[in-house]
Amino acid sequence: MESRCAAERATGTAFACEKSDDRGENPDGTAVEVLSALPIHSGQLGRQRADREATAGAGCHLPAPRRRPPLQSGRASMTNDLYLRNAWYVAALAGEVEADLLRRLILGEPVLLFRDEQSGAPSALHDLCPHRFAPLSRGKRVDGGIQCGYHGLVFAPSGKCVLNPHGNGRILPTAAVRAFPVIERHGMIWIWMGEHDLADPSRIPDFSYLDAADQRTRGAGYLPTRANYQLLTDNILDASHADYLHALLDSDGGTRHEAPRVQELGDGSVEVSWTWGPASPMKFLSHMYAPGAEVHTRLAVRWHAPSAMHLRISSAAEGEELDQGLQAEAMHIMTPETARQTHYFYGGVRSFDVANDAYTAAFLEGARRAFADEDKPMIEAVQANMGDETDIFAMRPLGLIGDAGGVRVRERLRRLIAAERHP
Ligand code: FES
Ligand SMILES: [Fe+2]
């Protein structure tokens, strides 16, 4: 299913897990105690999977299943090594989460995204009711939270069960569904899939250039893509494919004659850049210069772990600083859905010709086509050729100079994941 978000909610921030309307009471004020008429197996909590325990703060009250439900596709045995868990991922564009409940698999986990009816603050819950494992996304928003559509338990945004409509209505204090920290920032809903207490909002990569730019130029989109997220990350870090796959981004050889400059920066990000010229401007900039003019161009991609990238194209006439020239900036953010499926969020702004609405429409449509009709089918075809494999380097690919950035980033991410598994 593909959905596209045209409108973006004005940027705001809300750390949903710090807010809770859960008072430890039923809506009628009665104290919550135990879930009626259900066996209580508190001893089972110790045998719940570690990743659920780490952030739920409360377990479910039925015996843990011997095996994890089949929630993930891909090679389950490798899943733990595929993802960095203690990191911020984009769960959705802000405009995708409105009145309706949104279910989305993230790192193979079913997640329910919704907004508080009054405040509009976003929340994220494990989309799996602890009673019979029904998706909470089949329920509805009610005063105080989400009501499961199967037997009517209500869960607050904190994840705690706050209403049991059965029997005497009592609720086990530990009855809860896992809640994920979420923050709305830069027009996106960011989610933390790792240990709850490590969710530091200051670790969200800075995409404030999206907010600072003239909003008339801003666009964003969402592309569900059937490929491992690292193939999509490699694709953004490898601009050398532009001349062959994208008419709009034709670099006239600028991105393939020289190896990119790869720099590891102090904040843990990696910048991959190409600079060339004098040469003809990139095609989407040609209307800004006199016919036959030659310019200097820089294409720089800054990667933030695990898979968020800021792509900036700068174009300057002879004698002009690149930073003073025309700027087109884009975000490309990959959130793993499963081992071989990815939520691809993109968006962008520009510094030039900002009042030209016709150009804006054509530019945004051109960008959408480049990602949706050119990149996406190619990367999906690559994944299809790889079959079940999720690591292209396990298949010993031939290397080209344009791969240098992607190789460095993969190595950095591999080290981060390894450190998380074996601190
Ligand atoms: S599955 Fe029974 S209340 Fe949710
Ligand atoms: Fe591309």
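Things worth noting here:
- Cβ-Cβ under 9 Å pairs, at least 6 apart or on other chains, the stretch 220-237 side farther than 10 Å from residue 383 by Cβ and at pLDDT 95 or above, far side among the aromatic types (Phe, Trp, Tyr) and more than 16 Å from ligand 2 (Cβ to nearest atom): 229/83
- The set of residues in the stretch 179-238 being among the β-branched types (Val, Ile, Thr) and either within 30 Å of residue 130 (Cα to Cα) or touching a Phe, Trp or Tyr at 6+ places or on another chain (Cβ under 6 Å) (or both) consists of 182, 183, 189, 191, 204, 225.
- Of all residues in the stretch 211-229, those satisfying the criterion of being crowded, with 23+ Cβ neighbours inside 10 Å and either within 16 Å of ligand 1 (Cβ to nearest atom) or not hydroxyl-bearing (Ser, Thr, Tyr) (or both) are 220, 227, 228.
- Qualifying residue in the stretch 175-190 (condition: more than 16 Å from ligand 2 (Cβ to nearest atom), touching a His at 6+ places or on another chain (Cβ under 9 Å) and either modelled with pLDDT under 95 or over 30 Å from residue 305 (Cα atoms) (or both)): yes
- Within the stretch 119-165, the only residue that satisfies the criterion of being of a type in the set (A, V, I, L, M), closer than 19 Å to residue 337 by Cβ and part of a loop (DSSP other than H, G, I, E, B) is 128.
- Taking the stretch 76-118 and the strands (runs of 3 or more DSSP E) fully enclosed by it, the elements with 1 or more residues that are closer than 27 Å to residue 218 by Cβ and either at pLDDT below 95 or over 13 Å from the mean Cα position of the chain (by Cα) (or both) are at 102-106, 109-115.
- The stretch 185-210, subset among the charged types (D, E, K, R) and surrounded by fewer than 20 Cβ atoms within 10 Å (Cβ to Cβ), residue nearest to residue 363 (Cα to Cα): 206
- Residues of the stretch 93-125 satisfying the condition of being buried (at least 22 other Cβ atoms within 10 Å of the Cβ) and either within 12 Å of ligand 1 (Cβ to nearest atom) or among the hydrophobic types (A, V, I, L, M, F, W, C) (or both): 93, 94, 97, 106, 107, 111, 112, 113, 114, 124, 125
- Filtering 353, 403, 375, 388 for residues that are farther than 20 Å from residue 255 by Cβ and touching a helix residue (DSSP H, G or I) at 6+ places or on another chain (Cβ under 8 Å) leaves a single hit, 353.
- Residue within the stretch 251-266 that is away from ligand 2 (no atom under 16 Å from the Cβ), outside any strand (DSSP E or B), within 28 Å of residue 354 (Cα to Cα) and aliphatic (A, V, I, L, M) present: no
- Among residues of the stretch 143-154 that are in contact (Cβ under 8 Å) with a residue 12 or more places away in the chain and more than 16 Å from ligand 2 (Cβ to nearest atom), those with a beta-carbon under 9 Å from a residue that is polar (S, T, N, Q) and in a strand (DSSP E or B) at least six positions away or on a different chain give the pairs 145/123; 146/123; 153/147; 154/147.
- Residue within the stretch 379-388 that is more than 16 Å from ligand 1 (Cβ to nearest atom), at pLDDT 95 or above and touching a strand residue (DSSP E or B) at 6+ places or on another chain (Cβ under 7 Å) present: yes
- The single condition from (1) touching a helix residue (DSSP H, G or I) at 6+ places or on another chain (Cβ under 9 Å); (2) within 16 Å of ligand 2 (Cβ to nearest atom) that residue 243 fails is (1).
- Test: residue in the stretch 202-214 that is modelled with pLDDT under 95, assigned to a loop (DSSP other than H, G, I, E, B) and more than 20 Å from residue 345 (Cβ to Cβ): no
The values are calculated or read from the model by the stated rules, or taken from the named source; none is laboratory data. On a predicted model such as this, the values are computed, not experimentally measured, just so you know. As a convention, Cβ positions derive from the backbone with ideal geometry for all residues, glycine included, and neighbour counts pool all protein chains shown.
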